[in-house]
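Inspection log for the structure reproduced underneath, given as structure tokens.
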Amino acid sequence: MKIVIIRNILLLLAWVVASVTMAQVVVESKLDTAEIRIGEQVQIQVKVTAGKSQRVVFPEFGNGQEVTPGVEVLAGSRIDTTLLNAGKRIELKRRYTVTSFDSSLYNIVPYVMVNGDTVHSRNSVGLKVGTIPVDTVHYDRFNGPFDPVDMPFSWTWHLWLLSLLLIVMLVLVVMLAIRLSNKAPLTRVVTVEQPEAPHLVAMKEMEKMKQQVDSSVLSHKEYYEQLTNILRTYIMQRFGINAREMTSQEIINALLTSNDKIGLQELQELLSTADLVKFAKYESSFTEAKHGLLVAVNYVNETKQSEVEMSAQKKVIVIGGEQRQQRIRIGMYIGLVLLSLASLALLVYLLEEIVNTFL
């Protein structure tokens, strides 16, 4: 008899302990919305508060399995866990996506498993599933199915243009980066083209004089003044001698000093005859005047520059001191940063347009 009493007391204590333990578990549930139409989806949130040592298991539903007759479970989210009371208790949350294809009012009582026992939600949730009214009288107002919808992304002309711009900007970024990594001085090279050769200028001027001589437009004095001016200008440009400010003898001496002795005897005779005409009122004959022009033409042809000399006289000027190079490098660094930022922004925009296609 005593054994029976002791057993009953132990069973009573076990039941009390189990009841107290289960009383510590609180299961609550709520819906995102209480009313949907057939085929629409809604989420049920199930929240469990329990002791940290208790083992809580949320039910798993297969595809199309019903949480209550008429309400199908489509998916379950991951479980969110929060510690309470300095880690002594735990709060668990999970959301289930459900739908229904029958219009009705459903009463849903979610549940969880705690230490192997089923604990239902202390509150039930009501879900009203409504149908879509069908107009059976005006059936002619129904439209057919919609055509297939095009994807939101397409390679329009402005996207092609932006893509091309991005490629150009990236090429510039790479070029600037490569140039800045090179420690060689930054220079700007300017090529000065060789002006028209002195002998060509002289020949053109003497050709005009020949026409004037043939037409007897010039007097002997004017003729010799023009001819000597042409020769003085040619000598100055060809040999670097300031012949326009020299006398005839000084010109000859300067040419002798610079070892330019070609045709000097006939040139000296021509200059002497010109001085006589200009200053001593010497009257030369027409034949002598034409011979003087021929002497001038021969002298220019004999002393003109070769093609090699003319091409070699093109000057290449390198511009850029230390301060200028620093300014150029700073400008290039600023341009590199701005181009990089602009390229990154444009790349993000294009990628966003492409990614939106698959969302």
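The values are calculated or read from the model by the stated rules, or taken from the named source; none is laboratory data. Everything numeric in this text was worked out from a predicted model, so none of it was measured. Every residue, glycine as well, gets a Cβ built from its backbone with ideal geometry; the counts of neighbours run over all protein chains shown. For accessibility, only protein heavy atoms count, side chains too; no ligands or nucleic acids. Shrake-Rupley method; radii C 1.70, N 1.55, O 1.52, S 1.80 Å.
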- Message: What's the number of the only condition in (1) modelled with pLDDT of 75 or more; (2) under 26 Å from MET203 (Cα atoms) that ARG327 fails to meet?
- Response: (2)
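Every residue, every condition in (1) loosely packed, with under 12 Cβ neighbours inside 10 Å; (2) at pLDDT below 90, yes or no:
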residue	(1), (2)
ILE3	yes, yes
LEU13	yes, yes
VAL25	no, yes
ARG94	no, no
- Report yes if VAL98 is touching a residue at least 12 places away in the same chain (Cβ under 8 Å), within 57 Å of the chain's Cα centre (by Cα), closer than 20 Å to THR131 by Cβ and assigned to a strand (DSSP E or B), otherwise no. yes
- Any residue in segment 116-133 that's at positive phi: show its pairings with residues that are among the basic types (Lys, Arg) and in a loop (DSSP other than H, G, I, E, B) at Cβ separation under 9 Å, as long as the two are six or more apart or on different chains. GLY116/ARG55
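Among what's in segment 32-41 and is in contact with a Ser or Thr (Cβ under 9 Å, 6 or more places away or on another chain) and open to solvent by 80 Å² or more (accessible area, probe 1.4 Å), pick the residue that is farthest from LEU74 (Cα to Cα).
In this case the residue turns out to be ARG37.
Results for (1) in a strand (DSSP E or B); (2) in contact with a helix residue (DSSP H, G or I) (Cβ under 9 Å, 6 or more places away or on another chain); (3) at pLDDT 90 or above; (4) within 28 Å of PHE58 (Cα to Cα), shown as yes or no for each residue.
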| position | (1), (2), (3), (4) |
| --- | --- |
| TYR106 | yes, no, yes, yes |
| ASN123 | no, no, no, yes |
| ILE132 | no, no, no, no |
| ASP135 | no, yes, no, no |
| ASP140 | no, no, no, no |
| GLY144 | no, no, no, no |
| ASP147 | no, no, no, no |
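In this structure, is LEU231 open to solvent by less than 40 Å² (accessible area, probe 1.4 Å), modelled with pLDDT under 85 and closer than 18 Å to VAL297 by Cβ?
no
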- Message: Checking the structure you have, find out if any residue of segment 183-198 is in a helix (DSSP H, G or I), at pLDDT below 85 and not basic (Lys, Arg).
- Response: yes
- Could you look through segment 42-68, keep only residues that are in contact (Cβ under 8 Å) with a residue 12 or more places away in the chain and open to solvent by 70 Å² or more (accessible area, probe 1.4 Å), and pick out the one that is nearest to ASN115 (Cα to Cα)? ARG55
- Message: Give me the residue from segment 258-279 that is among the hydroxyl-bearing types (Ser, Thr, Tyr) and at pLDDT 80 or above and, out of that set, surrounded by the most Cβ atoms within 10 Å (Cβ to Cβ).
- Response: THR273
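Can you name every residue in segment 292-306 that is assigned to a helix (DSSP H, G or I) and either open to solvent by 40 Å² or more (accessible area, probe 1.4 Å) or touching a residue at least 60 places away in the same chain (Cβ under 8 Å) (or both)?
GLY292, LEU293, LEU294, ALA296, VAL297, ASN298, TYR299, VAL300, ASN301, GLU302, THR303
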